[in-house]
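The values are calculated or read from the model by the stated rules, or taken from the named source; none is laboratory data. Here the structure is a predicted model, which means the values were calculated and not measured. Cβ atoms come from the backbone with ideal geometry, glycine included; neighbour counts cover every protein chain shown.
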Amino acid sequence: MELDDRKKKIRHAIGRKHRETGEPVGSRTISKYTDLNLSSATIRNEMADLEEMGLILQPHTSAGRIPSDQGYRVYVDAMLAEKEQEVENMKEMLLDKEEKLEKLLKQVAKTLAVDTNYASMISAPMIKRNKLKFIQLSRVDDEHLLTTIVIEGNVIKNRMIEVEQELSDSDMLKLNILLNTRLSGLSVEDINIGLIAALKQEAGIHSDIIGSVLDAAAGAITEDEDLQIYTSGANNIFRYPELADKERASDLITTFEDKSDLTSLVESTLSASTEETGIQVYIGNESPVQSMKDCSVVTATYDLGEGMRGTVGVIGPKRMDYDKVVGTLKNMMRALDDLYKKE
């Protein structure tokens with residue numbers, strides 16, 4: 001049923017005050033309790049309308065009002081809808097931020113290639129502190145729930161779980177609150193047998209769902225995902241005669257297209273980078289990538305916080321302009337940090 005703002009505020013005030021005191025709520029209390037600036041007579045008229053609608057009732061003559069069962073139902077439905085919208089807003093925000101980061105990284109690789117006239121690469125951030133930030137259960141159909149798991153670093157994983165019976169909106173809300181209250185900020189190692197037992201006990205008849213969600217969360221945190229790497233400027237290789245012969249150029253182009261060999265470069269940089277600069281220079285045979293043994297590779301580590309670290313690099317001939325490349329990488333790291341943290 002549709003209520004105007006005045007009636008909504010009065011109904012809400014009656015419900016809230018009654019929950020606090022357990023006593024019927026009168027018009028004078030409402031006039032002091034809300035910001036409506038209405039007289040007691042006007043409030044009584046509004047309360048009479050709400051009573052006629054079945055949303056409040058008068059337990060006995062001359063008493064104030066209390067919410068009816070129907071009134072509590074309207075309150076609970078509105079609250080459930082509000083909480084569900086909050087969850088959706090958070091999910092959309094995280095997805096939007098993830099999409100913006102991908103676009104940003106692609107632009108970084110392109111800009112580096114243009115500015116240096118060499119080839120460039122950048123890895124998506126690897127998450128080093130895998131803790132749960134948020135879990136959302138959403139109904140797909142009567143037999144399936146979508147579990148959306150947000151890991152530290154705002155990495156989103158979706159898992160489908162089966163349920164034996166349909167859950168009500170109220171059940172979904174309770175499970176979401178339970179999971180996030182108990183699991184937020186925990187790593188897999190923190191989720192011990194005692195915690196699992198307590199969660200299942202609190203979930204009651206839905207304890208099997210808790211087990212499925214925990215399995216999904218553990219899998220999402222520990223799974224080995226392919227590292228995402230973006231490249232640009234591979235054709236710049238042909239600018240340099242020492243790299244442009246058919247065999248060398250073909251191997252390098254294949255490396256940039258396949259990208260799997262670049263993973264070792266990312267891992268090497270992240271493990272060896274210094275805290276002061278994060279800059280690494282690989283000359284010739286020092287490179288961990290076989291196809292780059294005739295190249296020089298300059299890499300840097302960027303850090304976006306919350307455990308998110310990645311590698312950005314420039315690949316060119318051994319006679320590359322090292323001063324320019326190192327300076328460009330340092331500037332790019334600062335710009336990346338500033339851009340991302342302003343999002």
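Here are the numbers for this structure:
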{"quantity": "Test for residue 110: is it more than 30 Å from residue 336 (Cβ to Cβ), in a helix (DSSP H, G or I) and charged (D, E, K, R)", "calculated": "no"}
{"quantity": "Pair list, Cβ < 6 Å and 6+ apart or interchain, from segment 308-333 residues that are over 17 Å from residue 108 (Cα atoms) and not assigned by TED's automatic domain parsing to the domain that holds residue 155 to residues that are surrounded by fewer than 16 Cβ atoms within 10 Å (Cβ to Cβ) and of a type outside the set (Ser, Thr, Tyr)", "calculated": "317/242"}
{"quantity": "Those residues of segment 31-50 which are among the hydrophobic types (A, V, I, L, M, F, W, C), out of contact with any Ser or Thr (no Cβ under 8 Å at 6 or more places or on another chain), assigned to a helix (DSSP H, G or I) and surrounded by 16 or more Cβ atoms within 10 Å (Cβ to Cβ), in sequence order", "calculated": "50"}
{"quantity": "Elements of type helices (runs of 4 or more DSSP H) in segment 140-249, at least 1 residues being over 30 Å from residue 290 (Cβ atoms) and at pLDDT below 85", "calculated": "169-183, 193-203, 207-222"}
{"quantity": "The one condition in (1) modelled with pLDDT of 85 or more; (2) part of a loop (DSSP other than H, G, I, E, B) that residue 62 fails to fulfil", "calculated": "(1)"}
{"quantity": "Candidate set: segment 76-124, residues that are among the acidic types (Asp, Glu) and closer than 30 Å to residue 256 by Cβ; chosen: the one modelled with the highest pLDDT", "calculated": "115"}
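Here is a yes/no grid of residues against (1) under 26 Å from residue 77 (Cα atoms); (2) surrounded by 13 or more Cβ atoms within 10 Å (Cβ to Cβ):
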{"position": "139", "(1), (2)": "yes, yes"}
{"position": "142", "(1), (2)": "yes, no"}
{"position": "172", "(1), (2)": "yes, yes"}
{"position": "176", "(1), (2)": "yes, yes"}
{"position": "188", "(1), (2)": "no, yes"}
{"position": "195", "(1), (2)": "no, yes"}
